[in-house]
Amino acid sequence: MSKAEGVAAKAAALERTLAQSQATTDSLCKLLDDFVESTAELQAVMRPIHSRIQGLTRVQDNVNLTMSLCESMLTQFDVSRDVERQVCRALGGFAPHGCVASGGWKGNVLWSGVSVHSVLSGVGASGW
């Protein structure tokens, strides 16, 4: 084999390898393009779902906060009811229109701005 034939054989082998490399590169580029397209489609589908989940999370947080505040208010109403019972007991028959417990007393001592201590001291009660 002559030197020229050897160089020609090497060049042909190099061309085949280069062609195979180009085919592999083209195949990988197509796969990457398909992947990018699929990812973009997935992102487009997930965007409204993500927004909806964020909205629901805000709603859940608001509901939890509202429930917590309601529980706090109910606790305050329970305390208020207990104090009113103690006031009614301390006032005996001196309540303006009966006792809250009986439904006859129209004014609410805790909410009317009248101090419980001043009411008790006004009727001669000696503390709780």
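Every read-out reported here was derived from the displayed coordinates using simple, explicitly stated rules and does not represent laboratory data. This is a predicted model, so every value here is computed, not measured. Cβ: placed from backbone, ideal geometry, glycine included. Neighbour counts: every protein chain shown.
Of note:
- Taken together, the criteria exclude residue 49 from residues that are surrounded by 10 or more Cβ atoms within 10 Å (Cβ to Cβ), assigned to a helix (DSSP H, G or I) and either free of Cβ contacts under 8 Å to residues at least 24 places away in the same chain or out of contact with any helix residue (DSSP H, G or I) (no Cβ under 9 Å at 6 or more places or on another chain) (or both).
- Taking the criterion of being assigned to a loop (DSSP other than H, G, I, E, B) and either surrounded by 10 or more Cβ atoms within 10 Å (Cβ to Cβ) or not aliphatic (A, V, I, L, M) (or both), the only residue of segment 1-43 that qualifies is 2.
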